[in-house]
């Protein structure tokens with residue numbers, strides 16, 4: 001299972017996201033993130049990914065979630081990701097467009113769920129409310145519909 005991160009900065013009541021320009025989720029609105037590299041902690045990976053994708057440094061980075069994502073087609077082949085979910089309370093710098101991402105600000109009261117992965121409308125409200133969560137999401141192979149999910153709230157991470 002591939003270990004990844006996603007980080008959503010929340011600044012002055014606004015959620016900073018990206019529109020993915022390439023790779024998994026191309027065209028979708030997501031948090032900055034990617035694969036944890038050898039020798040780095042998950043927190044270091046989350047910070048690095050925000051810096052690479054948005055050219056800003058996140059501040060007040062806190063882990064609020066752990067999510068198992070499974071993509072399954074009708075033959076039940078399984079491509080899985082284990083994602084550490086972070087929230088940042090601020091950023092240093094002004095977000096810039098990069099080859100990976102176009103920055104986007106939305107009010108925390110109105111995330112652009114219609115342009116996000118289907119699971120985001122389930123776990124993102126917990127991140128915005130600063131509630132720790134652990135979840136499992138099973139999506140169809142194309143990631144456009146959800147087959148199953150479960151979420152546990154107010155968890156601790158070991």
Original post:
On average over all directions, what projected area in square nanometres does segment 1-50 have, based on the convex hull of its Cα atoms?
Top reply: 4.0 nm²
Original post:
Label points 7 Å out from Cα along the Cβ direction at residue 14 and residue 156: separation in nm?
Top reply: 3.8 nm
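Quick one: length gained pulling residue 148 to residue 115 fully straight, 0.36 nm per residue minus the C-alpha distance?
On the way: separation 33, 0.36 × 33 = 11.88 nm, distance 1.99 nm.
Taking residue 148 through residue 115 to full extension adds about 9.9 nm, to one decimal.
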Subject >> Exposure proxy order (Cβ contacts within 10 Å, fewest to most) of 144, 62 >> reply: 144, 62
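Going by how many other beta carbons lie within 10 Å of each one, how would you line up 157, 137, fewest first? Write out the running numbers ahead of the final one.
Values: 157 11, 137 24.
The order, fewest Cβ neighbours first, is 157, 137.
How would 8, 70 line up from fewest to most surrounding beta-carbon atoms within 10 angstrom? Could you put the intermediate results ahead of the total?
Numbers: 8 26, 70 16.
Lowest to highest Cβ neighbour count: 70, 8.
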Original post:
Build a GNM of the chain with springs between Cα atoms under 10 Å: which of 81, 54, 15 gets the top mean-square fluctuation?
Top reply: 81
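For the chain, give the share of DSSP beta bridges that are antiparallel, in percent and rounded to the nearest 5; count only bridges with both residues there.
On the way: 35 of 51 bridges.
Roughly 70 percent of the beta bridges in the chain run antiparallel, per DSSP.
Given contacts defined as C-alpha pairs under 8 Å and at least six residues apart, what's the relative contact order of segment 1-106, whole-number percent? Don't skip to the end; give the middle numbers.
Details: 244 pairs, mean separation 40.0, N = 106.
Computed over segment 1-106, the figure is 38 percent.
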**OP:** Can you check what the Kirkwood hydrodynamic radius comes to for segment 2-153, Cα pairs only, in Å to one decimal?
**Re:** 15.4 Å
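How long is the gain from residue 96 to residue 28 if the chain were fully straight, where each residue apart is worth 0.36 nm and the alpha carbon distance is subtracted?
Details: separation 68, 0.36 × 68 = 24.48 nm, distance 1.73 nm.
Additional length available on full extension: 22.7 nm.
If each DSSP helix of 4+ residues adds -39,500 (n - 2.57) and the sum is divided by the residues in the chain, what number results at 222 nm, nearest 500 deg cm²/dmol? Kindly include the intermediate steps, with their values, before the conclusion.
Values: 2 runs with 22 residues, N = 158.
The per-residue figure over the chain is -4000 deg cm²/dmol.
Where a number appears in this text, it was derived from the coordinates with a stated rule and is not lab data. Keep in mind that this is a model prediction, so the values were computed, not measured. When we count neighbours, we look across all protein chains shown, and the Cβ atoms used for this are built from the backbone with ideal geometry, even at glycine.
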